[in-house]
Amino acid sequence: MEIRASAEDYLETILVLTEQQGKVRSVDIANHMNFSKPTISIQMKRFLENGYITFDENRNIHLTEKGSEIAERIHKRHTLLTSVLIAIGVDEEQAREDACKIEHSISEKTFECIKEFYDKNFNKNA
């Protein structure tokens with residue numbers, strides 16, 4: 001299964017909701033992403049078939065190692081790119097929206113260069 005930007009967003013959402021709520025169900029993803037429950041169910045079925053998620057006995061969704069790797073990579077990109085955009089003067093809401101678009105399309109090399117630049121110039125904790 002080729003992972004596209006939309007699939008990366010679903011996996012990132014599962015990660016974020018798990019961190020916030022401790023457990024995630026399809027309805028939580030639907031509410032968070034403003035998608036219909038059937039749309040989410042179809043995507044979760046694909047993820048299950050391709051080994052990105054599992055369900056427990058209560059139908060809670062859990063990322064597998066494979067799903068977690070993708071979700072964490074995208075979330076890390078999203079968080080850093082949002083911080084960079086805010087640091088250069090973009091308002092927070094616009095920064096989050098733009099970071100979501102950028103996170104899927106930049107190369108790993110470019111991301112690492114941005115990270116190094118940000119850490120050197122803006123991140124006092126680095």
Using a/c under 1.5 as the rounded threshold, could you call the chain rounded, prolate or oblate? The axes a ≥ b ≥ c are square roots of the C-alpha gyration tensor eigenvalues, and prolate needs a/b larger than b/c, oblate otherwise.
prolate
About the Cα centre of segment 19-126, how large is the charge dipole given +1 on each Lys and Arg Cβ and -1 on each Asp and Glu Cβ? Please answer in debye to the nearest 20.
220
Rounded to a whole %, the carbon-and-sulfur portion of the accessible area of segment 1-112 at a 1.4 Å probe is 49
Excluding residues fewer than 8 places away in the same chain, name every one of the lysines whose C-alpha is closer than 23 Å to that of residue 23.
37, 45, 66, 76
Please compute the length gained on full extension between residue 54 and residue 117, using 0.36 nm multiplied by the number of residues separating them and subtracting their Cα-Cα distance.
18.9 nm
Run lengths n ≥ 4 of DSSP H only: what is the helix-derived mean residue ellipticity at 222 nm for the chain, with -39500 (n - 2.57) per run over all residues, to the nearest 500?
-22000 deg cm²/dmol
What longest region of the chain stays clear of trypsin sites (Lys or Arg not before Pro) that DSSP places outside H, G, I, E and B and that have at most 14 other Cβ atoms within 10 Å?
60-123
Cα lying deepest toward the dipole's positive end in segment 1-99, options 55, 33, 3, charges on Cβ:
55
Cα gyration tensor category, rounded, prolate or oblate, for segment 21-63 with a/c compared to 1.5
oblate
Suppose every Lys and Arg Cβ carries +1 and every Asp and Glu Cβ carries -1, with no other charges. What dipole size does segment 1-52 come out with about its Cα centre, to the nearest 20 debye?
260
Only loop residues by DSSP count here, and only those with at most 14 other Cβ atoms within 10 Å; note down the GluC sites (Glu not before Pro) in segment 36-77 that meet that.
57
Amide H neighbours of residue 53 at under 5 Å, excluding residues fewer than 5 places away on the same chain, with H built from the backbone geometry, are 48, 64
Surface accessible to a 1.4 Å probe, per residue, for the residues of the chain, Å²:
62
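The values are calculated or read from the model by the stated rules, or taken from the named source; none is laboratory data. What you are looking at is a predicted structure, and each value in this text was computed from that prediction instead of being measured. As a convention, Cβ positions derive from the backbone with ideal geometry for all residues, glycine included, and neighbour counts pool all protein chains shown. Each accessible area value is taken on the protein alone, full model and side chains, heavy atoms only, with ligands, DNA and RNA left out. Shrake-Rupley method; radii C 1.70, N 1.55, O 1.52, S 1.80 Å.
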